[in-house]
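All remarks here apply to the structure that follows.
The values are calculated or read from the model by the stated rules, or taken from the named source; none is laboratory data. Because the structure is a prediction, the values reported are computed rather than measured. Reconstructed Cβ throughout: ideal geometry from the backbone, glycine too, with neighbour counts over all protein chains shown.
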Amino acid sequence: MNPLVPEIATIKDIIPETGDVKTFVVEPDNTGSFAYRPGQCAMVSVFGVGEAMISITSTAARRGPLEFSVKRVGRVSGALHEAEPGHKVGVRGPYGNWFPLEDWAGRNLLFVGGGIGLAPLRALINHCLDERDRYGRVDIVYGARSPQDLCFKREIMENWPRVKDVGVHLTVDAANGDWQGAVALVPHFLERLGPSPEGTVAVTCGPPIMIKYTLASLTKLGFADDQIVTTLELKMQCGVGKCGRCNIGAKYVCLDGPVFTYEQLKQLPQEY
Amino acid sequence: MKLMRAGALPRLLETLGRQAQVYAPATEDGLVLLRPWTGQAIATSYVNPVNSLKGLVYPQTEAVLEFTGGDENLSLREAPAPAPQVVFGGRPCDAAGLALIAQVLLEGTFVDELFRRRREATTVLTVACREPGPYCFCRAMGVSPADERGSDVMFYPADDGYLVEAVTARGEEALQAVAGLLAPAPDTGARDACRELRIPLAEKLTTDRLAARLEGFFEHPYWEQVARRCRSCGTCAYLCPTCYCTAIFDTSRGTRGRRLRGWDSCQFKDFLLMAGGHNPRPAKKQRVRNRFLHKLSYSPANHGAYGCVGCGRCVEKCPADLHMVAVLTDLGEVLP
Amino acid sequence: MNERQAKLRSIAGSLLAEGRVSLFIGFGPGLEPSRPVPWFAKNADEAGKLVLDPFCGPGLARYLLDETAAGPAGIVARGCDGLGLERLVADKRVGRDQVYVVGVACRGAVDPDKARRLAGRPVFGAEVNGETVALTTAGGRLSFPRSDCLLDRCLACADPSPRTADTWLEEPLPGAQREFEGVEALEKLGPDDRYAFWARHLERCLRCHACRNACPACNCVACSLDNPEWLERTTGLADHFMFHFTRAYHVAGRCVACGECQRACPVGIPLMLLNEKFMKDIRDLFAVPDPHRPQEAEPLGHFSPDDPEGWREGDETL
Amino acid sequence: MSLTWEPRIVGFACRWCTYAGADLAGTSRLEYPAAIRLIRVPCSGRVNPSFVLRAFQRGADGVLVAGCHPGDCHYTSGNLFTRRRYSLVKRFLEYLGMEPERFRVEWISAAEGHRFAQVVREMTADLRRLGPNRKMREET
């Protein structure tokens, strides 16, 4: 089995999330799906254009097709955005490690997402909310540039807030229209909310600059390095640790990541 | 161990060539290159062919798959299995480089099928060294002029031919096919001479405890200083017998296309450029540092060996003389 | 012993000490005496290690692209470096006021590989005296014809000194007319032989981009040769033709003939024969006497109403 | 060479003149070989030399760049740049080993349907004599 050969899959549905984000519901033609865990990624390809590593935003335990939320930024994501339901793409995976859920039983969970960074968190949040009783309080802090850029609106506005002991806290960088909510950058907003580090695990995901400042804010709030979990993104080609692309020091994001604790991150060269 | 007269070499290649494509060193425009052998003169006086063994087992570009069809009906075909090949004339450093690439590509969670198939279809006939080239430093990197790693058959140059010894079962098989050309070896002198060959340049370099000494060296100003002369081309990586970084890309013509894999270099400025514009290593300092730390620190950490076999190609060919020997020499002064 | 070198060290040292430049670009000690390396002195101490001898080979001009961002840089300039700087200035990639040029009179650089091959042993020193080169080895001094010893790029050189400098290390030497003998010889072959010649050479191309990255004229911020829409990443002979056709055409009328591309090429492709073909035709068709010296109006950046139709006239040369 | 082989010519035609000239050749019922595929461009000056090489790379046996006569450019000077550039490119292609007959630059006005047909006839005849182009062509 050549790990670089993808399986052909069909785009079953395309859900527009924001002006430049769409969620693609994808079903591999032969296997229907594959086993994966929250935080893992897959290589999605548009034949003739190329491949890109994209985090899986669906939740495996729900046994549905694969879902990928993709922001239009480059060649492959651009081609995906041009695709229609029924089109064929390639999928191979899953790749990378996953969020260490096993260690989180009984603890409070704090999710901090920014923009399209909610995509990997969504897989995790839905997984956790499906086994709600395993965890303590759940808080979801999520921000985007504008109200229109908030992804997964149905979940953040309706589904998640309805679950017992779940707080969803939304913010935008710049308000417009009839936005009544908070206007602040995610790290500032987070500091203002001031969640307690007591018995809590914080998981953050978003653009590199947001992660950088969120890590600092969490530290300021008293979270220890091993209480903070984040994901890294680096250019990838093979996804299987062979192409030499996504190394940070001696670690490879595709094998050793994308999920790292802040403690692990501090051991790595600051080059990502 | 057997003895083969030098004059029997064409017949050996001819015999092995009945079952496989044979490659041998040939002189072209004043350069020695490993080329498909079709009976032409076989070059013998060279330190190392310009192209390393790497390219024959891990080609500069190769197909992963072919695809045909349109958006809604698409079919894939995996690249066909490679044909058998016999490569004569690579040096022990290059073969050791292959062994190192094999470690990276074949060990771990995933196996690189493309490499595995081609490696298994290749018989490596290595010619050991009786004379060091001006830029050879193999011994500094833990490789010997008679190193057997990665080779199927060793050829030790003797006065009137070669001492020949199979290293692997595949090599044994190859030698059986040409048994008529081999006579019993009178002694092991030629092999011993290769094994004992001194490599003067290597003696000037210290690689003792290098990985440990490099700890904490990541932020040292040395990298900025040395990287200034780098031109961010791919000469070092593309000539290197151990550099294995690749890119995967598609090409298409109408409704048919191919997905290919090809060499890439971490020295190119766009190597890590992501869609959206983020580039974690935009500066030469970062890229040069990554190249050398990969070989001297990350590779030992992940694979237990330096990512360099001391072949000397980067020393000879880097247009700005930013090469492993220069860096090792500098590190000898800069490192604690 | 080496007065030029001592003088250069002192000039560079003063420039740095006085803060007139933040960096001085020249050559410094390399792995062996025959291979000095590009050297970037940031203080008088480092300027004290500058090397100036006939082994100083690599072109330096292109480094100015990176090194003038933080403040003025000094550079020791041979004719080739001077023309490279002119190119960068003409292309508005480097400000002339950001560079302090120390001009030299270059008599050609000795190719370290040729020297070692000729001498058959390590070479410690060289002296270029007219048509001969004296190489110093452990076994004494050996003399060889200049044409066997120098870098290819220096054999065809018509520009021993830069056209302008801020100070001169020595009396500049006058420029000459470039000849295109290599191009003419190739033009005499038939199409199939010419194709075979280029196919053989280009087949070796590694697409390492050493030629492009050596070139002071290839100074675009984003290069079409990195864009898969223009050049796919595949590495067949047809791709190599596309690469080299595009590279040569993009520097047509802009190439300063420094020959650094060919010196940098690890597989010995005679790249200057491509660049020189354009140079020769620009000279012949558009009456530009020295197309390799940056002009007021770039040969391919303008036209004349009386231009010939080059595909009809002068065909007899092909 | 197969008996049914016919040369393929890629023609880059300026929309203001040559393309109209080709139309005129058609409406005038002038006979010329079907070997040419025309690509309409706004001006002969639009034709990047890489397009020419790309055509050869992907299977053209001949390439024609055709535009307005010097002095008649719709954009005043586009074809004067063309003349300069292709004076060099034509010679350069031949220097790389391409036969001269495989690449032509012609000025063909909207009124010169005859000229267009004649150029295509000439080129096709030349290319039939030369046979398929293999030079600089990618392997399929």
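Looking only at residues of the stretch A:1-24 that are part of a loop (DSSP other than H, G, I, E, B) and of a type in the set (D, E, K, R), we find that the one that is farthest from the other protein chains (Cβ to nearest Cβ) is A:GLU17. Looking only at residues of the stretch A:81-103 that are outside any strand (DSSP E or B) and under 18 Å from the mean Cα position of the chain (by Cα), we find that the one that is nearest to A:ARG37 (Cα to Cα) is A:TRP98.
Among the residues making up the stretch B:114-146, those that are free of Cβ contacts under 8 Å to residues at least 60 places away in the same chain, closer than 16 Å to B:GLY90 by Cα and of a type outside the set (A, V, I, L, M, F, W, C) are B:THR126, B:SER144, B:PRO145.
Per-residue answers, yes or no, for (1) among the aliphatic types (A, V, I, L, M); (2) touching a residue at least 24 places away in the same chain (Cβ under 8 Å); (3) more than 11 Å from every other protein chain (Cβ to nearest Cβ):
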position: B:PRO36; (1), (2), (3): no, no, yes
position: B:ILE42; (1), (2), (3): yes, yes, yes
position: B:ASN48; (1), (2), (3): no, yes, yes
position: B:GLU66; (1), (2), (3): no, yes, no
position: B:GLY69; (1), (2), (3): no, yes, no
position: B:LEU74; (1), (2), (3): yes, no, no
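Assess whether C:LYS49 counts as being surrounded by fewer than 22 Cβ atoms within 10 Å (Cβ to Cβ), outside the structural domain of C:PRO160 (by TED's automatic domain parsing) and closer than 30 Å to B:LEU201 by Cα. Judged against the criteria, C:LYS49 is not a match.
In the set (1) in a loop (DSSP other than H, G, I, E, B); (2) touching a residue at least 60 places away in the same chain (Cβ under 8 Å); (3) within 14 Å of chain A (Cβ to nearest Cβ), B:GLN19 fails one condition alone, (3). The residue list D:CYS73, D:CYS43 contains one member that is buried (at least 20 other Cβ atoms within 10 Å of the Cβ), more than 16 Å from the chain's Cα centre (by Cα) and within 14 Å of chain C (Cβ to nearest Cβ), which is D:CYS73. When the helices (runs of 4 or more DSSP H) confined to the stretch A:169-272 are screened for residues that are within 12 Å of chain B (Cβ to nearest Cβ), those reaching at least 2 such residues are found at A:208-220, A:253-256.
Here is a yes/no grid of residues against (1) surrounded by 18 or more Cβ atoms within 10 Å (Cβ to Cβ); (2) touching a Lys or Arg at 6+ places or on another chain (Cβ under 6 Å); (3) without any contact (Cβ under 8 Å) to a residue 40 or more places away in the chain:
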| residue | (1), (2), (3) |
| --- | --- |
| D:LEU30 | no, no, no |
| D:ASN48 | no, no, yes |
| D:PHE81 | yes, no, yes |
| D:GLU112 | yes, no, no |
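Within the stretch B:292-316, residues that are farther than 23 Å from A:ASP256 by Cβ reach partners that are aromatic (Phe, Trp, Tyr) with beta carbons closer than 7 Å, at six or more positions or on different chains, in the pairs B:GLY310/B:PHE137; B:GLY312/B:TYR135; B:GLY312/B:PHE137; B:VAL315/B:TYR135; B:GLU316/B:TYR135.
Any residue at all in the stretch C:291-306 that is of a type outside the set (Lys, Arg), within 9 Å of another protein chain (Cβ to nearest Cβ) and assigned to a helix (DSSP H, G or I)? No, every residue in the stretch C:291-306 fails to be of a type outside the set (Lys, Arg), within 9 Å of another protein chain (Cβ to nearest Cβ) and assigned to a helix (DSSP H, G or I). Of the set (1) surrounded by fewer than 23 Cβ atoms within 10 Å (Cβ to Cβ); (2) more than 8 Å from chain D (Cβ to nearest Cβ), all apply to C:LEU271 but (1). Applying the criterion of at least 3 residues that are farther than 18 Å from B:ASP330 by Cα to the helices (runs of 4 or more DSSP H) found wholly in the stretch B:215-307 leaves B:235-239, B:299-303. Of the residues A:VAL163, A:VAL203, the single one that is in the same structural domain as A:ILE116 (by TED's automatic domain parsing), within 21 Å of A:GLU131 (Cβ to Cβ) and modelled with pLDDT under 95 is A:VAL163.
Select from the stretch B:7-63 the residues that are among the acidic types (Asp, Glu) and surrounded by fewer than 16 Cβ atoms within 10 Å (Cβ to Cβ) and list them in ascending order. Within the stretch B:7-63, B:GLU14, B:ASP29 qualify.
Could you please find all residues in the stretch C:175-206 being away from chain D (no Cβ under 13 Å) and either under 30 Å from B:LEU33 (Cβ atoms) or in contact with a Ser or Thr (Cβ under 8 Å, 6 or more places away or on another chain) (or both)?
Correct list: C:GLY175, C:GLU181, C:ARG204, C:CYS205, C:LEU206.
Is it the case that B:ALA227 is surrounded by fewer than 19 Cβ atoms within 10 Å (Cβ to Cβ), over 30 Å from B:ARG119 (Cα atoms) and among the aliphatic types (A, V, I, L, M)?
Criteria not met by B:ALA227.
Counting just the residues of the stretch D:110-136 that are of a type in the set (D, E, K, R) and farther than 14 Å from C:ASP192 by Cβ, which one comes out farthest from the other protein chains (Cβ to nearest Cβ)? Only one residue tops the list, namely D:ARG121.
Of D:ALA60, D:ALA55, D:ALA22, all but one fail to be of a type in the set (Gly, Ala, Ser) and either surrounded by fewer than 19 Cβ atoms within 10 Å (Cβ to Cβ) or more than 30 Å from B:ARG256 (Cβ to Cβ) (or both); the exception is D:ALA22. When you look at C:VAL133, is it within 14 Å of chain D (Cβ to nearest Cβ), surrounded by 14 or more Cβ atoms within 10 Å (Cβ to Cβ) and either part of a strand (DSSP E or B) or β-branched (Val, Ile, Thr) (or both), yes or no? In short, no. Of the residues that make up the stretch A:25-38, is at least one of a type in the set (Gly, Ala, Ser), in contact with a strand residue (DSSP E or B) (Cβ under 9 Å, 6 or more places away or on another chain) and outside any strand (DSSP E or B)? Among the residues of the stretch A:25-38, at least one is of a type in the set (Gly, Ala, Ser), in contact with a strand residue (DSSP E or B) (Cβ under 9 Å, 6 or more places away or on another chain) and outside any strand (DSSP E or B), which makes the answer yes.
Residue by residue, here is whether (1) touching a residue at least 12 places away in the same chain (Cβ under 8 Å); (2) among the charged types (D, E, K, R); (3) crowded, with 21+ Cβ neighbours inside 10 Å holds:
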residue	(1), (2), (3)
A:GLU102	no, yes, no
A:ARG107	yes, yes, no
A:LEU118	yes, no, yes
A:HIS127	yes, no, no
A:ASP130	yes, yes, no
A:ASP133	no, yes, no
A:ASP139	yes, yes, no
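Being modelled with pLDDT under 95, among the aliphatic types (A, V, I, L, M), more than 18 Å from the chain's Cα centre (by Cα) and surrounded by 18 or more Cβ atoms within 10 Å (Cβ to Cβ) holds for only one residue in A:LEU268, A:LEU218, and it is A:LEU268. Of all the numbered requirements in (1) closer than 30 Å to B:SER52 by Cβ; (2) within 11 Å of chain D (Cβ to nearest Cβ); (3) touching a Gly at 6+ places or on another chain (Cβ under 7 Å), C:ALA214 misses one, and that requirement is (2). As for the stretch B:240-255, it holds no residue that is among the basic types (Lys, Arg) and away from chain A (no Cβ under 11 Å). Taken together, A:PHE111, A:PHE68 contain a single residue that is in the same structural domain as A:ALA182 (by TED's automatic domain parsing), part of a strand (DSSP E or B) and buried (at least 21 other Cβ atoms within 10 Å of the Cβ), which is A:PHE111.
Which of the residues spanning the stretch D:76-109 are in a loop (DSSP other than H, G, I, E, B) and either more than 9 Å from chain C (Cβ to nearest Cβ) or in contact with a Pro (Cβ under 7 Å, 6 or more places away or on another chain) (or both)? Answer for the stretch D:76-109, where residues must be in a loop (DSSP other than H, G, I, E, B) and either more than 9 Å from chain C (Cβ to nearest Cβ) or in contact with a Pro (Cβ under 7 Å, 6 or more places away or on another chain) (or both): D:THR76, D:GLY97, D:MET98, D:GLU99, D:ILE108, D:SER109.
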